Amino acid sequence: MDNLLTLLSTLIVEKDEDAGFRLKEQQTNLSNTKCTKPDLGKWIDHCDFPFLIETLMLDHTIFVKEFPGIEFPEEERKTFAQSLEAHCEDCVHCHLKRSYDLEWQNRINRALNENRTEIGKALAHHGGRT
């Protein structure tokens, strides 16, 4: 799995030589702003925003399988996700964090799409199918 992560990192950085600078700049921008509702902002700061929202929006059956023992009804999760989205519209700090997370998700998706064959070979090798 380390080889796959290394491969993905290389593919993303190859396409964007400024990736390291961009991450540092993003961290600086985030540290220069302050969340207006820390009770919501802590979730946005500590999680990858797209993953957080996708997790909250999971079908109840899937959520229970993925997170056994966590009681968080589907409607409450969806309401919480909507609260997080609305907060990002009003809070500069969380708006930036959401934007940065979405940007990185797009970069990763692009790297995956552009390099399917190479990534497939790495996955097959990792799975012992070479």
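When the residues of segment 28-72 are filtered to those that are within 25 Å of residue 97 (Cα to Cα) and charged (D, E, K, R), which remaining residue is surrounded by the fewest Cβ atoms within 10 Å (Cβ to Cβ)?
If we take residues in segment 28-72 being within 25 Å of residue 97 (Cα to Cα) and charged (D, E, K, R), then 39 is surrounded by the fewest Cβ atoms within 10 Å (Cβ to Cβ).
Kindly evaluate residue 53 against the criterion of being within 30 Å of residue 123 (Cα to Cα), at pLDDT below 95, assigned to a helix (DSSP H, G or I) and of a type in the set (Val, Ile, Thr). First the steps, then the outcome.
Values: within 30 Å of residue 123 (Cα to Cα): yes; at pLDDT below 95: no; assigned to a helix (DSSP H, G or I): yes; of a type in the set (Val, Ile, Thr): yes.
No: the conditions fail for residue 53.
Quick one: is residue 87 in contact with a Ser or Thr (Cβ under 6 Å, 6 or more places away or on another chain), within 30 Å of residue 25 (Cα to Cα) and either assigned to a loop (DSSP other than H, G, I, E, B) or in contact (Cβ under 8 Å) with a residue 40 or more places away in the chain (or both)?
In short, no.
In segment 84-130, how many are among the hydroxyl-bearing types (Ser, Thr, Tyr) and more than 18 Å from the chain's Cα centre (by Cα)?
2
Is there a residue in segment 1-21 that is crowded, with 16+ Cβ neighbours inside 10 Å, out of contact with any Leu (no Cβ under 9 Å at 6 or more places or on another chain) and of a type outside the set (D, E, K, R)?
Restricting attention to segment 1-21, the residues satisfying the condition of being crowded, with 16+ Cβ neighbours inside 10 Å are 7-8, 11-12.
From what's left, out of contact with any Leu (no Cβ under 9 Å at 6 or more places or on another chain): 7, 12.
Imposing the further condition that a residue be of a type outside the set (D, E, K, R) reduces the set to 7, 12.
So far as segment 1-21 goes, yes, one or more of its residues are crowded, with 16+ Cβ neighbours inside 10 Å, out of contact with any Leu (no Cβ under 9 Å at 6 or more places or on another chain) and of a type outside the set (D, E, K, R).
Of all residues in segment 75-84, count the ones that are of a type in the set (D, E, K, R) and surrounded by 16 or more Cβ atoms within 10 Å (Cβ to Cβ).
Result for segment 75-84: 1.
Check 107, 116, 98 and return the single one that is at pLDDT below 95, among the charged types (D, E, K, R) and surrounded by 12 or more Cβ atoms within 10 Å (Cβ to Cβ). Break it down stepwise before answering.
Numbers: 116 fails: surrounded by 12 or more Cβ atoms within 10 Å (Cβ to Cβ); 98 fails: at pLDDT below 95.
Exactly one of 107, 116, 98 is at pLDDT below 95, among the charged types (D, E, K, R) and surrounded by 12 or more Cβ atoms within 10 Å (Cβ to Cβ), namely 107.
The values are calculated or read from the model by the stated rules, or taken from the named source; none is laboratory data. Just so we're clear, the structure is a prediction, and the values are computed from it rather than from any experiment. All Cβ positions, even for glycine, are placed from backbone atoms using ideal geometry, and neighbour counts span all protein chains on display.
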